[in-house]
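The values are calculated or read from the model by the stated rules, or taken from the named source; none is laboratory data. Being a predicted model, the structure only gives us computed values, none of them experimental. Cβ coordinates were reconstructed from backbone atoms using ideal geometry, including for glycine residues, and neighbour counts include every protein chain displayed. Side chains included, ligands, DNA and RNA excluded: accessible areas come from the protein's heavy atoms. Shrake-Rupley method; radii C 1.70, N 1.55, O 1.52, S 1.80 Å.
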Amino acid sequence: HCFVVNNTSSGYGGGLCWCDVNRCYVALNTAEVYGGGIEDGTVKNTFVIENTSMECGGGVSFVSLINCTVVSNKSSNGGGCYGVGNCMNSIIWDNTLLDGITINNYDAILIDVNDMPISLEISLIMK
C-alpha cells in the first residue's frame, strides 16, 4: 500500500515509472512527457486521480490496468490513458485533454486494439 502524491518528472512517470503497482493511491503528479501518474508497468487495485502529462497519458501510459480507477486526469493526448495494453474491470472516467474537452469512458484511452481481447475490441468499435 502506498500514497504517491504531488510529484513532478521532467521526463516520464510523474508519480511512478517502470514498476508494478498494487493497492496504491496515485494523485496530483505531473510528467512532461508520458504518464502523469504512472508510466510503464502493471497496475492493480489502484486509484489514479488528478494527474497531468504534457504529452501523453495524463493518468497512465503503457500499462496494464486491473481493477483500477482512473479519474480526472489531463493530457494533450489520451487524457486518462495512453497505450494501455490490457484493461480489465477498471473505471476510466472524467478525463480531459489539456484544451478542456471532456473525454469519458473508452474515448479517454488510446489503445492498440491488436493487444486486446475480442470482446473489448468490439465494444470500442461499436461505440
> Quick one: with all protein chains in place, what share of the accessible area of the stretch 35-96 is carbon or sulfur, to the nearest percent (1.4 Å probe)?
Replying inline: 50
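Tell me, what is the per residue accessible area of the stretch 52-95 in Å², probe radius 1.4 Å?
Accessible surface, normalised per residue, equals 34 Å².
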> Which value, in Å² and to the nearest 10, is the accessible area of Leu98 when all protein chains are kept and the probe is 1.4 Å?
Replying inline: 80
> Which length gain, in nm to one decimal place, applies between Cys2 and Trp93 when the Cα-Cα distance is subtracted from 0.36 nm times their residue separation?
Replying inline: 30.5 nm
> Which order, highest average first, do 29-36, 4-11 follow once you tally other Cβ atoms within 10 Å for each residue and take the mean per peptide?
Replying inline: 29-36, 4-11
> When ranked by the protection proxy of mean other Cβ atoms within 10 Å per residue, highest first, what sequence do the peptides 43-50, 55-62, 75-82 form?
Replying inline: 55-62, 75-82, 43-50
